[in-house]
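For reference, the structure discussed in these notes is given below.
The values are calculated or read from the model by the stated rules, or taken from the named source; none is laboratory data. This structure is a prediction, so every number in the text was calculated from the model and none was measured. All Cβ positions, even for glycine, are placed from backbone atoms using ideal geometry, and neighbour counts span all protein chains on display. Just so you know, the surface numbers come from the protein's heavy atoms only, side chains and all, with ligands and any DNA or RNA stripped out. Shrake-Rupley method; radii C 1.70, N 1.55, O 1.52, S 1.80 Å.
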Amino acid sequence: MNKNSKVLALKYRPQTFDDLIGQDVIAETIINSIKASKVPNAYLFTGIRGVGKTTIARIVAKSLNCSNGFDNICKNNFCENCKAISNSNHIDVLEMDAASKTGVDDVRDLIEFSRYGPTSSKFKIFIIDEVHMLSKQAFNALLKTLEEPPPHLKFILATTEVKKIPVTILSRCQRFDLRRIKADEMTSFLEKISQKEKADIDNDSLKLISKSSEGSVRDALSILDQVIVTHNLMGEKVTEDKVRKILGLADEAKIIELMMHIVEGNSLRAIEISEEIFDIGADPKLVLHSLLEVCYLMTRTKTLGKISKDLSVSESESKRLEEIVKNLDMTYLTMLWHFLIKGLDDLNLYPNLSIAFQMLLTRLCYLKNMPDPQDVLDNMKENKIN
């Protein structure tokens, strides 16, 4: 396959520790352990989707098996070992997807295969992706080999749900928690990719893509790929409005305006604004997610004052939020958050999302008329006493 025809997430997949984004501490720890020849029997990489678990697993495998040695490790997969590991077809580096091979027999085959030494490299390495999907019996079969593997064998486990892995397995691994990528790091990375792809895309669009990716590099690159294909290949400049339409997101100013009418109890205007938002193709569920984010920002403004710059909120939006929360108390904001969260479940109960959303809006607009729960409790106590 022509490299240029690959999707961005594969085309720009990190090949060395230097290429990794936002995982500097983990990379430094692993590099130092390899240099000091203190490589653990098993690594465990955990984190959300798209932060580099499988990618780091392959980089570790290349670092241990590069034909040139770790000090002169390949930068562009020049040696046969590095090239084969990157292409997932190295005879000594076996990648197993635990989502499809969950049984004890699969693990027994793995253990049986581990008895034989490496064919063309220093270590035989087993990379087990989504390891939490293994059955209880499969984990039990893996225990002894994981604790005391042959000198030539290393395990690298990856998972998105570390809590589902037995403690007995965790205690036998060196665990690394991969963090979400920060918005500014992601924006900077996307800017470099856009320049390499000669994509005409403004900085606000890149910030929106970074925010929508929720810290996942793969998600961010997938969105960027979609945006470039949709607009840049047509010779158009990519703007924030165009990205919002592709993602089904409403304009942030519209969401804040909608929240303002909810707080004021103006159900008629709130429904009108929601219809304007849906007319441009916004998804009701994503609009509700945006309202939850605004509710969080309102609460943060109420408790800490002016919102800091790192929250990706413009100066004008920050001032509007300050105005909205001026006469609100924490009880109301807490109740608003609760009803919005409950609204996510309600949207799944009725097939017409637009109707369900408007009914939720009506309920939210009348929320301010509800009495303070503490006052109700106090009145009940007083009536009991009397």
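Quick notes on this structure:
- For region 29-42, the criterion of being within 28 Å of the chain's Cα centre (by Cα) and buried (at least 20 other Cβ atoms within 10 Å of the Cβ) is met by at least one residue.
- Within region 62-78, the only residue that satisfies the criterion of being modelled with pLDDT of 85 or more and not in a helix (DSSP H, G or I) is Cys66.
- Filtered residues of region 205-218 (kept if open to solvent by 80 Å² or more (accessible area, probe 1.4 Å) and in a helix (DSSP H, G or I)): Lys207, Arg218
- Of Asp225, Asp241, all but one fail to be acidic (Asp, Glu) and at pLDDT below 90; the exception is Asp241.
- Within region 14-45, the set of residues being in a loop (DSSP other than H, G, I, E, B) and in contact (Cβ under 8 Å) with a residue 40 or more places away in the chain comprises Pro14, Gln15, Thr16, Ile21, Gly22, Gln23, Val39, Pro40, Asn41.
- Taken over region 49-69, the residue count meeting the criterion of being under 15 Å from Ser121 (Cα atoms) and either more than 31 Å from the chain's Cα centre (by Cα) or open to solvent by 20 Å² or more (accessible area, probe 1.4 Å) (or both) is 4.
- Residue in region 288-300 that is of a type in the set (Ser, Thr, Tyr), in contact with a Phe, Trp or Tyr (Cβ under 8 Å, 6 or more places away or on another chain) and open to solvent by 60 Å² or more (accessible area, probe 1.4 Å) present: yes
- Here Arg320 clears all of (1) part of a helix (DSSP H, G or I); (2) at pLDDT below 85; (3) out of contact with any Lys or Arg (no Cβ under 8 Å at 6 or more places or on another chain) except the condition numbered (2).
- Annotation: of all residues in region 221-254 being in a loop (DSSP other than H, G, I, E, B) and not polar (S, T, N, Q), the one that is farthest from Ala270 (Cα to Cα) is Gly235.
- Top-ranked residue of region 303-317 - restricted to ones that are outside any helix (DSSP H, G or I) and small (Gly, Ala, Ser), ranked as modelled with the highest pLDDT: Gly305
- Scanning region 333-353 for residues that are without any contact (Cβ under 8 Å) to a residue 40 or more places away in the chain and assigned to a helix (DSSP H, G or I) yields Leu333, Thr334, Met335, His338, Phe339, Lys342, Asp345, Asp346.
- If the condition is being of a type in the set (Ser, Thr, Tyr) and either part of a helix (DSSP H, G or I) or in contact with a strand residue (DSSP E or B) (Cβ under 7 Å, 6 or more places away or on another chain) (or both), then region 79-100 contributes Ser86, Ser88.
- When each of Ile59, Ile48 is tested for being under 27 Å from Leu8 (Cα atoms), in a loop (DSSP other than H, G, I, E, B) and out of contact with any strand residue (DSSP E or B) (no Cβ under 6 Å at 6 or more places or on another chain), the lone residue that passes is Ile48.
- Count - residues of region 84-120 that are free of Cβ contacts under 8 Å to residues at least 40 places away in the same chain, among the hydroxyl-bearing types (Ser, Thr, Tyr) and closer than 29 Å to Thr160 by Cα: 4
- Under the condition of being open to solvent by 20 Å² or more (accessible area, probe 1.4 Å) and free of Cβ contacts under 8 Å to residues at least 60 places away in the same chain, the residues counted in region 70-83 number 7.
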